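Q: Quick one: the structure is below, and I'll ask about it shortly.
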Amino acid sequence: MSDLICDQLETINARIASACERVGRSRDGVQLIAVSKRHPSEKIREAFDYGQTIFGESRLQEAQEKIPVLPATIQWHLIGRLQKNKIRKVLPLFDTIHSVDSLELAEAINRIAGEEGLIPKVYLQTNLANETTKTGFSREELISAYGQLLDFDRLQIMGLMAIPPSRDDEALIRLDFAAVRELRDELVKLTGTPLDGLSMGMSDDFEIAIEEGSTMVRVGSAIFGARA
Ligand SMILES: *Cc1c(COP(=O)(O)O)cnc(C)c1O
């Protein structure tokens, strides 16, 4: 085993702390999800032994193989697309679902969570650039569906999630993150219901995301290296 993963985690945590400091935010306001998809359980254990407790996976089948062989105190977050026929299996395995990308999916999760006696934490996935390759709520869709979403009594809606377009221009990346934050603020204003979470920022842009208000960064390759 190498110490590489620990070194990388230490570096990422330091970079998170610096980003918080630059904009006067508390370090406690940002959580790190170590995205372990397509990396073996041994690497996850290494990161866990170092102190990392939150991990992100994107596929049910892969998670079903890894979760049982890893410490039960790990908190698993689903970050990949969720198909309706997998909800019942996903719910008991994952603490949080970041990829609630439609009203229909939210409705199905709410119904099944009720049947299973669970109250999952969820993020509403946005697609503010209306990219056809990605799913998620457009700004208009989310504003119109939000009242119904809040009425689902088996969902703990934690915040908004975003995977903005990949861009080279840092100023544009910043605008994309700011747009998610502004939409969150707008929803709070419209409903008077608090909504704190912003799941945004990955290996290449997590510092910008934090400067723009992210509360959960999802970092994979900068911790574990390139995926298989
Ligand atoms: C894979 C993935 C990540 C991590 O991406 P890196 O660039 O490796 O940090 C974050 N979020 C989602 C939704 C992903 O699918």
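Q: Rounded to the nearest 500 deg cm²/dmol, what is the calculated helix-only ellipticity per residue at 222 nm for the chain, with -39500 (n - 2.57) per DSSP H run of length n ≥ 4?
A: Rounded to the nearest 500, the figure is -13500 deg cm²/dmol.
Q: Rounded, prolate or oblate: which fits the range 1-91 when a ≥ b ≥ c are the square roots of the eigenvalues of the alpha-carbon gyration tensor, with rounded for a/c under 1.5 and prolate only if a/b beats b/c?
A: Numbers: a/c = 2.61, a/b = 1.48, b/c = 1.77.
It is oblate, given that a/c is not under 1.5 and a/b is not larger than b/c.
Q: On to the next question. Going by the alpha-carbon gyration tensor, a ≥ b ≥ c the square roots of its eigenvalues, is the range 99-166 rounded (a/c under 1.5) or, if a/c is not under 1.5, prolate (a/b greater than b/c) versus oblate?
A: Cα axes put the range 99-166 in the prolate bin.
Q: With a point put 7 Å past each Cα toward its Cβ, work out how far R25 is from E140 in nm, to one decimal.
A: For R25 paired with E140, the spin-label model returns 3.0 nm.
Q: Given a 1.4 Å probe and the protein chains all in place, what does the accessible area of Y50 round to, in Å² to the nearest 10?
A: Surface accessible to solvent at Y50 totals approximately 90 Å².
Q: For the chain, what proportion of DSSP beta bridges, expressed in % and rounded to the nearest 5, is antiparallel?
A: 0 percent
Q: Can you sort D205, D7 by solvent-accessible area, 1.4 Å probe, largest first? Mind showing how you got there, number by number?
A: Values: D205 35, D7 85 Å².
The residues order as D7, D205, largest area first.
Q: How large is the accessible surface of M202 in square angstrom, using a 1.4 angstrom probe and rounding to the nearest 10?
A: Rounded to the nearest 10, that gives 80 Å².
Q: Another question, if that's okay. For the pairs K43/K134; K43/K89; K86/K121; K43/K86, note any where the Cα-Cα span goes beyond 22 Å.
A: Long pairs (Cα-Cα over 22 Å): K43/K134; K43/K89; K43/K86.
Q: Once you have the Cα-Cα distance between A178 and R38, take 0.36 nm times their residue separation minus that, and quote the gain in nm to one decimal. Mind dumping the intermediate values first?
A: Details: separation 140, 0.36 × 140 = 50.40 nm, distance 3.01 nm.
Between A178 and R38, full extension yields 47.4 nm more.
Q: Tell me, what ³J(HN,Hα) does each residue in the range 210-218 have, in order and in whole Hz, if you take phi through Karplus 6.51 cos²θ - 1.76 cosθ + 1.60 with θ = phi - 60° and put x for Gly and Pro?
A: Per-residue couplings from phi come out as 5, 4, 9, x, 4, 10, 8, 9, 10 Hz.
Q: Then there is this: Output ³J(HN,Hα) for the range 65-72: one whole-Hz value per residue in order, computed from phi by the Karplus curve 6.51 cos²θ - 1.76 cosθ + 1.60 with θ = phi - 60°, and x for Gly and Pro.
A: Ordered by residue, 3J(HN,Hα) equals 7, 7, 4, x, 9, 10, x, 5 Hz.
Q: Under a crude label model (7 Å from the Cα following the beta-carbon direction), how far is D151 from Q75 in nanometres?
A: Once both label points are built, they end up 3.1 nm from each other.
Q: If you build a Gaussian network model of the chain, linking Cα atoms that sit under 10 Å apart, which residue out of G213, G192, G114 swings the most?
A: Ranking G213, G192, G114 by mean-square fluctuation puts G192 first.
Q: With the cut-off at 1.5 for a/c, could you classify the range 3-224 from its C-alpha gyration tensor as rounded, prolate or oblate?
A: Here the range 3-224 falls in the oblate category.
Q: Once you place label points 7 Å from the Cα toward the Cβ at S221 and E62, how far apart are they in nm?
A: For the pair S221/E62, the computed spacing is 1.4 nm.
Q: Whenever you get a sec, compute what percent of the accessible area on the chain sits on carbon and sulfur atoms (1.4 Å probe).
A: Details: 5250 of 11090 Å².
Here it works out to 47 percent.
Q: Could you do me a favour and compute the accessible area per residue for the range 1-58, 1.4 Å probe, result in Å²? Before the final figure, lay out each step's value.
A: Numbers: 2980 Å² over 58 residues.
Each residue of the range 1-58 exposes 51 Å² on average to a 1.4 Å probe.
Q: A further question follows. Mind checking which of G51, A171, V69 is farthest towards the positive end of the chain's charge dipole, using Cβ charges of +1 (Lys, Arg) and -1 (Asp, Glu) about the Cα centre?
A: Working it through, the farthest residue towards the positive pole turns out to be V69.
Q: Could you tell me the distance between the Cα centroids of the range 144-193 and the range 1-54, to the nearest Å?
A: Result: 24 Å between the Cα centres.
Q: Still on this structure: Can you give the accessible area of R111, probe radius 1.4 Å, in Å² rounded to 10?
A: Rounded to the nearest 10, that gives 130 Å².
The values are calculated or read from the model by the stated rules, or taken from the named source; none is laboratory data. From a predicted model like this one, the values you see are computed outputs, not experimental measurements. We place every Cβ from the backbone using ideal geometry, glycine too, and count neighbours over all the protein chains shown. For the accessible areas, the whole protein counts, side chains as well, though only heavy atoms, and no ligand, DNA or RNA atoms are used. Shrake-Rupley method; radii C 1.70, N 1.55, O 1.52, S 1.80 Å.
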